[in-house]
Amino acid sequence: MDTGHAVRRIGVLTSGGDAPGMNAAIRAVVRKGVFHGLEVFGIQHGYAGLIRGEMARMDLNSVADIIQRGGTKLFTARSEEFKTPAGRAKAIEQLQKVGIEGLVVIGGDGSFRGAQELSHHGVRTVGIPGTIDNDIPGTDYTIGFDTAVNTVIDAIDKIRDTATSHERTYVIEVMGRNAGDIAMISGLAGGAESILIPESHFDMELVLEKLRRGLERGKRHSIILVAEGVGKGMKIGERIRQETGWEVRVTVLGHLQRGGSPTVFDRVLASRMGAYAVDLLRTGKNNVVIGLQGKKLVALGVDEALSMKREFDMPLYELAGILSI
């Protein structure tokens, strides 16, 4: 959607769960903005900080030495107050007080809905998908996903060393909310014997049968990867132990997956998306989110993006099952 005059002053915030690469995106927004003569303000603590007026002008030096850092320089938070009309009115008042005409929001679908609300009140908004879950429709990858799966792979490789040494079955629970992308990609790359995801019903008897077949051919260790959207790894591990009598260990990777220095892929993706967000605001776009489709960046209307069905790569998941026989 195109609107009005060119922006002169823009803001950037991060919202929801942190993801490696958010700092790279912030850096790109600030430096691309400065390159084009814009004033760029960083808003701390997401929408909660916006309501409180926690914002300051950023320059080239303020984003130096952050491209390699995980987390977010601007901090992040969730805000129940922003979900109310009164809270949003406070946020809009703060933006008007500083004269911010455009806002770049780095986060997930909830963050985009917040940006959409602001766009209805005259603030131009562009959303950048930043979440390790890779669960945003309209984009092949979200910022942070590649780093997260590499973190999981590193953990799988280390756990497999111990599993081999002690001849045990290990259950590893990974993040992803209601999406199985982290489990599927890291399970395929890590050679997991079974991958349990919310997008596909699993039969526990088949999981146990695969373990038994492996045992019969001399296999003494196994890795079972469980997406958090399926259930608790502890419960699945206990069921395997009860059904088989084998020694089972469970590892919940948890927030370890959110941290760490972003991979090259995430740094480049975040840099491209941050710069593109500035271009979109400069050309009058509003109420859009950025996606990566193939090698190309695209701008989708928020309504369109959030109404799209998220595509899960089922053939790739099936391949993982075939290769783990």
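Quick check: net charge around PHE75, other residues with Cβ under 15 Å of its Cβ, Lys/Arg +1 and Asp/Glu -1? Result for the local shell: +3. Inter-part distance, segment 176-237 to segment 251-323, computed on C-alpha centroids, equals 25 Å. Taking 0.36 nm per residue of sequence separation and removing the Cα-Cα distance, the ARG52/THR84 pair yields an extension gain of 10.1 nm. Relative contact order, whole percent, for the chain stands at 25, derived from Cα pairs under 8 Å and 6 or more residues apart. Counting only Cβ charges, +1 for Lys and Arg and -1 for Asp and Glu, the dipole size of the chain around its Cα centre is about 760 debye. Over segment 154-226, the hull volume per residue, using the convex hull of the C-alpha atoms, is 78 Å³.
Taking label positions 7 Å along the Cα-Cβ direction at both MET234 and LEU215, the computed distance is 2.5 nm, reported to one decimal. As a rough footprinting exposure proxy, the listed residues SER119, SER15, SER186, SER62 were ranked by other beta carbons within 10 Å of their own, and the order from fewest upward is SER62, SER119, SER186, SER15.
Evaluated with a Cβ-only charge set (Lys, Arg +1; Asp, Glu -1), segment 91-198 carries a dipole of roughly 260 debye about its Cα centre, given to the nearest 20. Compute the relative contact order of segment 1-126 as a whole-number percentage, counting only Cα pairs closer than 8 Å that sit 6 or more residues apart in sequence. Normalised by residue count, the contact order of segment 1-126 is 33 percent.
Rounded to whole Å and sorted largest first, what semi-axes of the equivalent ellipsoid does the C-alpha gyration tensor of segment 118-159 yield via the square root of 5 times each eigenvalue?
Gyration-tensor ellipsoid for segment 118-159: 33, 9, 6 Å.
Label sites at GLU167 and VAL298, each approximated as a point 7 angstrom past Cα along Cα to Cβ, lie 5.3 nm apart. Taking one quarter of the surface of the C-alpha convex hull of segment 19-68 gives a mean projected area of 3.6 nm². Once divided by 2.2 N^0.38 Å, the Cα radius of gyration of segment 137-262 becomes 1.03.
The label point for SER62 and the one for ASP203, both projected 7 Å from the Cα toward the Cβ, are 5.9 nm apart.
Compute the Rg to Rh ratio over segment 1-125 from the alpha carbon atoms, using the Kirkwood formula for Rh, and round to two decimal places.
Radius of gyration relative to Kirkwood radius: 0.94.
Positive end of the dipole of the chain (Cβ unit charges, origin at the Cα centre): among GLY108, LEU50, GLY190, the Cα lying farthest that way belongs to LEU50. For a straight C-alpha distance cut-off of 28 angstrom, the lysines reachable from LYS73 (same-chain residues fewer than eight places away being disregarded) are LYS32, LYS83, LYS90, LYS97, LYS285, LYS295, LYS296. Highest average first, the peptides 259-272, 24-37 ordered by how many other beta carbon atoms sit within 10 Å of their residues are 24-37, 259-272.
Which value, in Å³ per residue, describes the convex hull spanned by the Cα atoms of segment 77-163?
It is 122 Å³ per residue.
Taking every Cα-Cα distance in the chain and sorting them into 10 Å bins starting at zero, the pair-distance distribution P(r) comes out as 6, 26, 29, 18, 13, 6, 1, 0 percent.
First obtain the Kirkwood hydrodynamic radius of segment 42-83 from its Cα pairs, then insert it into the Stokes-Einstein equation at 25 °C and 0.890 mPa s, and state the resulting D in µm² per second as a whole number.
The estimated diffusion coefficient comes to 218 µm²/s.
Within the same chain, lysines fewer than 8 places from LYS219 are excluded, and of the rest, those with a Cα less than 24 Å from its Cα are LYS158, LYS210, LYS235.
Here, each number is a calculation from the coordinates, and none is a lab measurement. This one's a predicted model, so the numbers in the text were calculated from it and none came from an experiment. Every residue, glycine among them, receives a Cβ derived from its backbone with ideal geometry; neighbour counts consider all protein chains shown.
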